[in-house]
Amino acid sequence: MELVLLAIGVGLCVGVVVGALGAGGGILAVPVLVFGLGMPAHSATASSLIIVLITALASLPHHARNRNVDWRNGLVFAGVSVVGAVLGSRLSALVPEHLLLTLFGAMLVAVAIAMLRRALRTRREERAEAAAHGRAVDADCAETVATHDDPVLDQPGPDTVEAADGMLRHHGEPELPTTPARPSSPRLPLVIAAATLTGFLTGFFGVGGGFIVVPMLVIALGLAMRRASGTSLLVMIIATITSLLARLGTDVQIDWVTTLVFAAGSAVGGILGGPLSSKARPSTLALLFSVLLGGVAAVTLVQTLL
């Protein structure tokens with residue numbers, strides 16, 4: 001009974017993180033299943049895929065209703081990730097558990113640093129945007145200033161418009177500049193590489209891959225942080241399903257009772273966490289995500305190496 005209650009409680013917390021950030025379920029589920037619930041590492045990665053899948057399915061509707069899911073780019077990104085997911089799933093079963101967890105911790109350290117830098121950069125952009133918006137605009141000037149329903153600007157307006165500076169702004173966030181020539185082709189190789197890497201990491205570590213998808217959707221496709229978080233859930237669903245199917249025929253065993261109880265709590269948390277993302281600054285979401293990754297990385301490496 002204590003194990004069930006622990007699985008429900010931790011699953012609820014994981015779900016809140018996934019619902020609010022659009023990522024993070026697997027990075028929490030794997031260490032908890034291994035160090036908290038005593039599950040073998042390979043079984044934990046498979047169970048984590050199920051947990052992430054159910055949680056993402058529960059979290060996606062909220063983001064879809066708020067038009068924070070880019071269906072076209074998300075489906076394309078997920079489709080490219082399938083190859084990496086199959087390869088990663090097959091390779092994971094061949095790696096010793098100790099090495100698997102060590103690599104998992106090292107990966108989290110690198111991603112935490114990258115996301116921290118992104119959070120600080122986004123915070124500076126938000127402050128610059130708020131300062132620029134606070135200046136009075138000459139009534140005789142034909143400039144169009146974007147207004148949004150955003151906690152930074154605190155004004156209602158359209159979801160995405162083009163401001164006078166030539167930047168697309170979504171919920172107050174600057175996206176990539178619009179240029180008449182070759183707006184996306186230079187980033188195509190980056191998108192393909194990122195999608196393949198996402199699939200591989202999903203299959204290999206049993207994580208949703210959101211910690212890679214979110215920054216790649218922001219950097220490579222120019223999506224706003226909140227829209228990237230919602231779109232990442234769609235990618236996670238397809239990548240986790242593929243990774244689970246690729247594990248068929250291997251020796252990996254799944255503790256279905258613990259997994260489904262954990263997933264149930266995580267799904268409820270995902271429903272509760274979705275609305276939280278609309279109330280927080282994008283930079284705050286990124287900062288919390290980076291701190292979370294750093295903490296999980298430290299625990300994983302200490303437990304594994306010692």
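Read-outs: derived from the displayed coordinates by stated rules, not from any lab. Small disclaimer: the values here were computed from a predicted structure and weren't measured. Quick reminder, even Gly has a Cβ in these numbers, built from the backbone with ideal geometry, and neighbours come from all protein chains shown.
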Anisotropy class of segment 223-266 from Cα gyration tensor, a/c 1.5 cut: oblate
Net lengthening on full extension, Ala131/Leu57 (0.36 nm per residue, minus Cα-Cα): 22.8 nm
Which residues qualify? For Met39, with a placed amide H closer than 5 Å and at least 5 residues away or on another chain, they are Val34
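Using the per-residue mean of other Cβ atoms lying within 10 Å as a proxy for protection, in what order, highest first, do the peptides 86-99, 67-80 fall?
Working: 86-99: 16.1, 67-80: 18.5.
So the peptides 86-99, 67-80, ranked by packing, come out 67-80, 86-99.
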Could you list Leu245, Leu217, Leu292, Leu60 in order of exposure, starting from the residue whose Cβ has the fewest other Cβ atoms within 10 Å? Leu245, Leu292, Leu60, Leu217
What distance in nm separates the simple spin-label points at Trp71 and Val83, each placed 7 Å from Cα in the Cβ direction? 2.7 nm
